Amino acid sequence: MATKSYADLKADVWDRGACAGCGACVAVCPADAICFDEQGGALSPRNIGYCKQQNDEVNCGACYDACPRVHAITGDVLGNYLEIVSARATLDIPRKQTGGAVTAIVLTALEQGLIDAVVTVTEDPWTKKPASVVITQAGDIVHHAGSRYNWWVPLVAALKTAVIDRKFQKIAVIGVPCVVQAVHRIRESENDLLKPFGKRIRLVIGLFCTETFDYCILMEGILQREHQIETWNIDRLDVRGKLEVTMRDGSTHTLPLERLQEAIRPGCRHCTDFTAVCSDISAGGVGSRRGHTTLIVRNDTGKTFLKEAIAQNNLVEEGSVDTDAIMRLGLVKARRPLKS
């Protein structure tokens, strides 16, 4: 089979409006020829005008092979798993979003040397603007806890920093389903250009996600201009079938998701994966009571990291999980019409 180039990726994904914006193609391009313009200003990456395969006839195909949108993810809402548990962190995590379980797991892994870096999302505390980040210190994990993953961020692009620039060997990636799908493709690929990335990824934690939002449209448009909600006064945002905006004084504002349609990234309409079925552990607030995190442990790797966090007394399993609640929300996403 002929190796496919960025031109094929552009035709099959970018030009169809199916791009997830995950940044995988940016990370793995050996020529650094694919990039995103300023965040929020582009629905897909662009090529700077050079491609090893197109220009020099050198087999590459890295960008195409890493893209999560060249093949559809199929299967049921929950995917394959070993167990589903409800858990909460025992640590003091001031800005935890649900039960702090993801923070507890990766903090433990860093402290115990199971991983040496975490590729994840952070946000500016004043503007709430998101960015990808590579974290190497356990204390920084707590500092970044509660960062919003439902913003669009080309997260996988930070893998290039972690793998190529900083030479980390045991990396954890935390991201929404499209990020997880890209990382899964990288880990499973036989493409020699992707193997240096895949073999360094030790743990993948997927986050429940219905869709991601464009920062400028939602924050600067809908919240600030229409509802006079200032970013500096927001404590946190949460999506549980609706958008809940919690202010610093404890008051809340609620917006129906129907009102946020214009802020949803177009590429999200091509995704049916709610629980990040290709991860080692999936996590979210749906199915557990407030203050707890639902964890779908999918394989032995995920189970090892979970049990280590429990053994170090950083995490406790507590309460039951309402899997029907997960199924209901997941089926809404799975059954929505896909864009062709």
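Since every read-out is calculated from the coordinates, none of them should be taken as a lab result. None of the values given here were measured: they were computed from a predicted structure. So basically every Cβ, Gly included, is an ideal-geometry build from the backbone, and we count neighbours across all protein chains shown.
Close amide-amide hydrogen proximity is noted between V204 and V173, D280, I281, each under 5 Å apart and 5 or more residues distant or on a separate chain (H modeled in the peptide plane; Pro and chain starts excluded).
Placing unit charges on each Cβ (+1 for Lys and Arg, -1 for Asp and Glu) gives segment 240-340 a dipole about its Cα centre, and among G302, A283, S320 the Cα reaching farthest toward its positive end belongs to A283. Report for the chain the percent antiparallel among DSSP-assigned beta bridges with both residues inside it, nearest 5. Approximately 70 percent, going by the DSSP bridge assignments.
Each residue, A138 and E190, gets one label point 7 Å from its Cα in the Cβ direction; the gap between the two is 4.2 nm.
Can you put R259, R290 in order, fewest other beta carbons within 10 Å first?
Ordered by Cβ neighbours within 10 Å, fewest first: R290, R259.
In plain terms, the residue of H71, H227 with the fewest other Cβ atoms within 10 Å comes first and the most crowded comes last, giving H71, H227. How high is the relative contact order of the chain? Use alpha-carbon pairs under 8 Å, at least six apart in sequence, and give a whole percent. Relative contact order here is 23 percent.
Rounded to the nearest whole Hz, the Karplus-based 3J(HN,Hα) values (6.51 cos²θ - 1.76 cosθ + 1.60, θ = phi - 60°) of segment 30-35 follow the sequence x, 9, 6, 9, 10, 8, with x at glycine and proline.
Using a cut-off of 21 Å between Cα atoms, the listed pairs K4/K333; K167/K195; K52/K160; K10/K52; K167/K199 include K4/K333 as exceeding that distance.
Residues whose amide H comes within less than 5 Å of that of A117, counting only those at least five positions distant or on another chain, are K170, A172 (H built at 1.01 Å from N in the peptide plane).
Scalar couplings 3J(HN,Hα) for segment 49-60, obtained by applying the Karplus form with A = 6.51, B = -1.76, C = 1.60 to θ = phi - 60°, are x, 9, 8, 3, 6, 6, 8, 10, 6, 9, 4, 9 Hz; x denotes Gly and Pro. Computed from the Cβ-Cβ distance with R0 of 22 Å, the FRET efficiency linking E244 to L331 stands at 0.50.
Residues whose amide H falls under 5 Å from that of L82, counting only those 5 or more places apart or on a different chain, are V297, R298, N299, with hydrogens built in the peptide plane.
Between R269 and I217, 0.36 nm times their residue separation minus their Cα-Cα distance comes to what?
The R269-I217 span can extend by a further 17.0 nm.
The Cα center of segment 166-189 and the Cα center of segment 196-248 differ in position by 21 Å.
For the chain, the dipole from Cβ point charges (+1 on Lys and Arg, -1 on Asp and Glu) about the Cα centre works out to 280 debye, to the nearest 20. Across segment 255-339, Cα pairs under 8 Å and at least six residues apart give a relative contact order of 36 percent. 3J(HN,Hα) couplings calculated from phi for segment 306-322 with the Karplus curve 6.51 cos²θ - 1.76 cosθ + 1.60 (θ = phi - 60°) are, in sequence order, 5, 5, 5, 5, 5, 5, 8, 6, 9, 8, 10, 7, 7, x, 9, 10, 8 Hz; Gly and Pro show x.
The length gained on full extension between H227 and N55, counted as 0.36 nm times the residue separation minus their Cα-Cα distance, comes to 56.9 nm.
In percent, how large is the relative contact order of segment 6-66, given Cα pairs closer than 8 Å and 6 or more residues apart?
Numbers: 69 pairs, mean separation 23.5, N = 61.
Contact order relative to length: 39 percent.
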